[in-house]
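Remarks on the structure that follows.
The values are calculated or read from the model by the stated rules, or taken from the named source; none is laboratory data. As the structure is a prediction and not an experimental result, all values here were calculated from the model. Because the Cβ atoms are built from the backbone with ideal geometry, glycine has one as well, and the counts that use them run over all protein chains shown. We work out accessible area using only protein heavy atoms, side chains counted, and drop any ligands, DNA or RNA first. Shrake-Rupley method; radii C 1.70, N 1.55, O 1.52, S 1.80 Å.
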Amino acid sequence: MLAGLIFATEDAEDRPGTLAATLPFGGMTLLEYQVRLLIGAGAGQIMIAVARVTPALLGAVARAGKRGVPVDIVRSAEEAAVKAHPLSRILVIADSLVTTDPVMDRMAADGPEALLVTADPNSPAAIERLDMRDCWAGIARVPAHHLGAIARMPDDWDFQSALLRAAVEARAEHVQLTQAWERGGHMVDRSAERLASRSNAVLAALTERRTTWADRWVFTRIARLILPKLVERNVPAVALAGLGGVFGLGGLAAMSFDWAGWGLLAAIVGTAMFATGGAMAALRGEDKRADLFEALIGFLVAAAVLIAGWRESVAEWTATGAVLALATIILHALSERSGARHRRWWGSPAAYLLILTPFAFVNWLATGLGVLAIYSCLTLASAVETIREKP
C-alpha cells in the first residue's frame, strides 16, 4: 500500500500567520494540489504533519478529503506511526513543495527507499544537504517502520529532518532531479507571489499531456494562454463545457444548413474550450471529468465529419462522402483500440478537424474527406506496426 505524508508547518514568507500550505495555487490551495498529486500517484491514505492547526488548513483538509481518499492530520511521528499501515510505503512531500505528475509517478514506483536529490545547492528545489554532493529535492519514498523509529526518539528532533536522516542511514537510492522536471515547476517556495507565477508554469506543463501535433501546436497553445486567467478567476470546468457545447452545437447546426466552413470553424472553437476544460479538470484531480472532456471532443469531431460526409453525398448524389466519413471514424476508432502509444504525427480528432476546415471553405469537401480517410488509415497501420511482435 502506498501512503502519503505531507509536511505543512512553515508560515508563508509574505503573509505572516498564514501557513504556506494554505496559499492559493492553481485554483485551490497548495496543500490540495499536493493531495491531488499523491492520489494520482496511487496513494490510498494521506497524512498531513502539522505544528498548529488554522481554519484555512482545516478547510483545505476537508476539501481534499472529498476526493475519496482519507486525509488525516497528525501532530507527531508517533501519531503518524499509529495511523500508517505497518507494511505501507510512505511517499513524503516536503513543506511547500510544488511538483508535477511525472515526478510523483517516478518516485511512487515500486522499489527500495529513494530520495529525490539535486546536485545544485542553489536550486530552488534544494532543501537540505545529504552529503558532499547531493541535496534533498523534496520527495522521499520510505517504509512505514521509519515512523515508529522516529517516534521513539527525543521530542526535540525535527520530524521532517529526522525522517530524511533515517532514509540516508538506510542507504536510500538517490534519484536525480532532471532539468525537465525543474523546468516543469518543481521547487520549494513559500511566497504567495512566486507561487502564483509557478502555478502558471505547472498549468503549462499540464497542457503538454496532449501529444499529437494538432494538440501541441494549436489547442495546447490556446489552453496555455487562457487557462491561467480562468484559474485565477476560479472559473469552473463546467462553464467551459457549456461554452464548448454552445460553439460545438452551433457549428454542427451551421454545417447542416450548408455552411460547412463556418460550422467547422465554430467546432474548432468548441474543441479548444473542451481541451482547456480537460486541462483544468486534470489540474484539480478530476480525472473522470477530464476523460469526459476528451470524449466530448471525439463526439463533436465525429459528428462534424459525418455531417460533412452526408452533406457531400446529398450535394453530389453519390455515397462517396458518407463512405469516406464512416471510413475515417472507423479506422481512427480501431487505432485508438490498439492501445499503442501515440506518436506526434498520428491522426487525432483535433487534427481531422483542422485538416477538413480549409477544404470546406473552398468547397472541396470530398477531397478533404479523402485526405482524412487516408490519414486515419496510415495512423492505424502505424499503430498496428507499433504493437506487432517483432521477430
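Within region 76-105, the set of residues being of a type in the set (G, A, S) and either under 23 Å from the mean Cα position of the chain (by Cα) or under 14 Å from P143 (Cα atoms) (or both) comprises A77, A80, A81, A84, S88, A94, S96. The condition (being basic (K, R) and free of Cβ contacts under 8 Å to residues at least 12 places away in the same chain) is satisfied by just one residue among K83, K66: K66.
Look at region 293-320: where a residue is without any contact (Cβ under 8 Å) to a residue 40 or more places away in the chain and over 30 Å from A239 (Cα atoms) and a partner is aliphatic (A, V, I, L, M) and surrounded by fewer than 19 Cβ atoms within 10 Å (Cβ to Cβ), sitting 6+ places away or on another chain with Cβ atoms under 8 Å, you get W310/A322; S313/A319; S313/A322.
Screening L334, L249, L283 for residues that are open to solvent by 40 Å² or more (accessible area, probe 1.4 Å) and either over 22 Å from V371 (Cβ atoms) or at pLDDT 95 or above (or both) leaves exactly one candidate, L249.
F219: open to solvent by 10 Å² or more (accessible area, probe 1.4 Å), part of a helix (DSSP H, G or I) and among the aromatic types (F, W, Y), yes or no? For F219, the condition - open to solvent by 10 Å² or more (accessible area, probe 1.4 Å), part of a helix (DSSP H, G or I) and among the aromatic types (F, W, Y) - is not met. Annotation note: of A80, A43, the sole residue that is in contact with a strand residue (DSSP E or B) (Cβ under 9 Å, 6 or more places away or on another chain), modelled with pLDDT of 90 or more, surrounded by 19 or more Cβ atoms within 10 Å (Cβ to Cβ) and assigned to a loop (DSSP other than H, G, I, E, B) is A43.
Would you be able to say whether some residue in region 12-28 is modelled with pLDDT of 90 or more and either within 20 Å of I150 (Cβ to Cβ) or part of a strand (DSSP E or B) (or both)? Yes, the conditions are met somewhere in region 12-28. For beta carbons closer than 7 Å, sequence separation of 6+ or different chains, a first residue in region 213-239 that is within 20 Å of W346 (Cβ to Cβ) and of a type in the set (S, T, N, Q) and a second that is open to solvent by less than 50 Å² (accessible area, probe 1.4 Å) and not in a loop (DSSP other than H, G, I, E, B), the qualifying pairs are T220/T207. Taking A144, is it within 21 Å of F25 (Cβ to Cβ) and either crowded, with 23+ Cβ neighbours inside 10 Å or not charged (D, E, K, R) (or both)? No. Flag: A172 matches the condition of being of a type in the set (A, V, I, L, M), open to solvent by less than 50 Å² (accessible area, probe 1.4 Å) and in contact with a Pro (Cβ under 8 Å, 6 or more places away or on another chain). Of everything listed in (1) hydroxyl-bearing (S, T, Y); (2) at pLDDT below 90; (3) closer than 24 Å to R152 by Cα, the single unmet condition for T100 is (3). When restricted to residues that are within 20 Å of T379 (Cβ to Cβ), open to solvent by 60 Å² or more (accessible area, probe 1.4 Å) and among the polar types (S, T, N, Q), region 312-331 contains 0.
Figure legend. Inter-residue proximity from region 336-348: first residues closer than 11 Å to I387 by Cα, second residues open to solvent by 10 Å² or more (accessible area, probe 1.4 Å) and at pLDDT below 85, beta-carbon distance below 6 Å, spacing 6+ or different chains. Indicated pairs: S338/I387; A340/T386; A340/I387. Which one is nearest to A360 (Cα to Cα), of the residues in region 253-280 that are open to solvent by 20 Å² or more (accessible area, probe 1.4 Å), touching a residue at least 40 places away in the same chain (Cβ under 8 Å) and not in a loop (DSSP other than H, G, I, E, B)? For region 253-280, the residue satisfying everything is L265.
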